[in-house]
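Q: Below is the structure I would like to discuss, written out as structure tokens.
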Amino acid sequence: MNEYKFAPVYDFFLSPYITRIRRKVVDISQNYGFKTILDVCCGTGHQVRLLRKHGFDATGVDLNEDMLRQSGKGFITPPCRKQDASALDIPGNSFDMSTTTLSLHETDPGIAKSIVSEMIRITKPGGFLLLIDYELSVRTSTFSHKLTSLVEWMVGGDHYRNFRKYNSNGGLEKLAESEKLEIEKEFIFTRHGLVMKLLEVHK
């Protein structure tokens with residue numbers, strides 16, 4: 001299965017599961033007074049559009065052209081542009097906050113680490129990273145664990161292999177530790193086996 005074949009209906013199927021998370025991203029951005037925000041691996045641009053609706057200077061990057069075509073619909077200037085998240089063509093210290101949702105688990109561990117490193121580089125000192133992805137641990141319900149694993153297995157291929165590596169390597173916790181990032185706040189969405197980590201950038 002290739003999830004990008006379903007780009008036109010991606011939001012229709014995904015939104016019921018992560019609408020609460022997308023709204024939480026807006027709440028956090030408001031509470032911390034962020035102004036400039038980059039959504040890395042932005043997909044169809046739903047999160048970027050929601051942030052813009054609430055007055056943020058938000059933009060996104062993604063490598064998949066099918067997803068980017070969806071993000072550009074209805075916009076004179078598309079909110080997302082094509083870039084490799086592991087080697088961003090963006091000057092350092094450009095954003096108050098950078099975020100990514102459900103992208104790291106599907107990526108080769110080395111590339112996932114490069115993505116986080118790039119997010120740190122383009123975020124201002126004292127700014128924040130907001131990483132949102134699976135955390136299948138003792139805090140996750142058995143149902144969520146089995147359902148998430150089943151969905152990833154159905155996607156198959158490198159996606160599933162990377163998902164297994166991501167979990168066996170310790171997920172977001174170990175990624176944050178490898179970049180010497182300290183957790184400012186953590187939000188757990190146990191129903192879906194997801195965790196959101198807000199991490200302050202020190203340079």
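Q: Give me the pairs: first residue in the range 44-62 and touching a residue at least 12 places away in the same chain (Cβ under 8 Å), second residue in a helix (DSSP H, G or I) and of a type in the set (Lys, Arg), beta-carbon distance under 8 Å, and six or more apart or on different chains, which are they?
A: As it stands, the answer is HIS46/ARG22; GLN47/ARG22; LEU50/ARG22; LEU50/ARG23; ALA58/ARG52, since those pairs meet every condition given.
Q: Let me ask another. Identify, please: which residue in the range 80-112 is among the charged types (D, E, K, R) and over 13 Å from the mean Cα position of the chain (by Cα) and is, among those, nearest to THR59 (Cα to Cα)? Outline the logic, then answer.
A: Taking the range 80-112 first, the residues among the charged types (D, E, K, R) are 81-82, 84, 89, 96, 106, 108.
If we keep only those that are over 13 Å from the mean Cα position of the chain (by Cα) too, we end up with 81-82, 84, 89, 96, 108.
Values: ARG81: 8, LYS82: 11, ASP84: 14, ASP89: 14, ASP96: 12, ASP108: 24 Å.
Once the filter is applied, the top-ranked residue is ARG81.
Q: Right, next: Hey, does the range 104-114 have a residue that's in a loop (DSSP other than H, G, I, E, B), touching a strand residue (DSSP E or B) at 6+ places or on another chain (Cβ under 6 Å) and either free of Cβ contacts under 8 Å to residues at least 40 places away in the same chain or β-branched (Val, Ile, Thr) (or both)? Write out each step before concluding.
A: Quick first cut of the range 104-114, residues in a loop (DSSP other than H, G, I, E, B) only: 107-108.
Those still in the list that are touching a strand residue (DSSP E or B) at 6+ places or on another chain (Cβ under 6 Å) too: none.
Looking through the range 104-114, none of the residues is in a loop (DSSP other than H, G, I, E, B), touching a strand residue (DSSP E or B) at 6+ places or on another chain (Cβ under 6 Å) and either free of Cβ contacts under 8 Å to residues at least 40 places away in the same chain or β-branched (Val, Ile, Thr) (or both).
Q: Anything in the range 162-177 that is surrounded by fewer than 14 Cβ atoms within 10 Å (Cβ to Cβ) and either in contact (Cβ under 8 Å) with a residue 60 or more places away in the chain or of a type in the set (S, T, N, Q) (or both)? List them, or say none.
A: Selection gives SER168 alone.
Q: Which of the residues spanning the range 34-43 are part of a loop (DSSP other than H, G, I, E, B) and either free of Cβ contacts under 8 Å to residues at least 24 places away in the same chain or in contact with a Leu (Cβ under 7 Å, 6 or more places away or on another chain) (or both)?
A: The first filter runs over the range 34-43 and keeps only residues part of a loop (DSSP other than H, G, I, E, B), leaving 34-35, 41-43.
None; the set is empty.
Q: Please work out if THR123 is closer than 26 Å to TYR160 by Cβ and buried (at least 20 other Cβ atoms within 10 Å of the Cβ).
A: In short, no.
Q: Moving on. Taking only the range 1-33 into account, find how many residues are modelled with pLDDT under 95 and in a loop (DSSP other than H, G, I, E, B).
A: Residues flagged as modelled with pLDDT under 95 and in a loop (DSSP other than H, G, I, E, B) within the range 1-33 amount to 2.
Q: Let me spell it out: the conditions are (1) in a helix (DSSP H, G or I); (2) at pLDDT below 90, and ILE188 meets all of them except one. Which number is the exception?
A: If we test ILE188 against (1) in a helix (DSSP H, G or I); (2) at pLDDT below 90, just (1) comes out false.
The values are calculated or read from the model by the stated rules, or taken from the named source; none is laboratory data. Note that this is a predicted model, so its numbers are computed, not measured. Please note: Cβ atoms are built from the backbone with ideal geometry, for glycine as well, and neighbour counts cover all protein chains shown.
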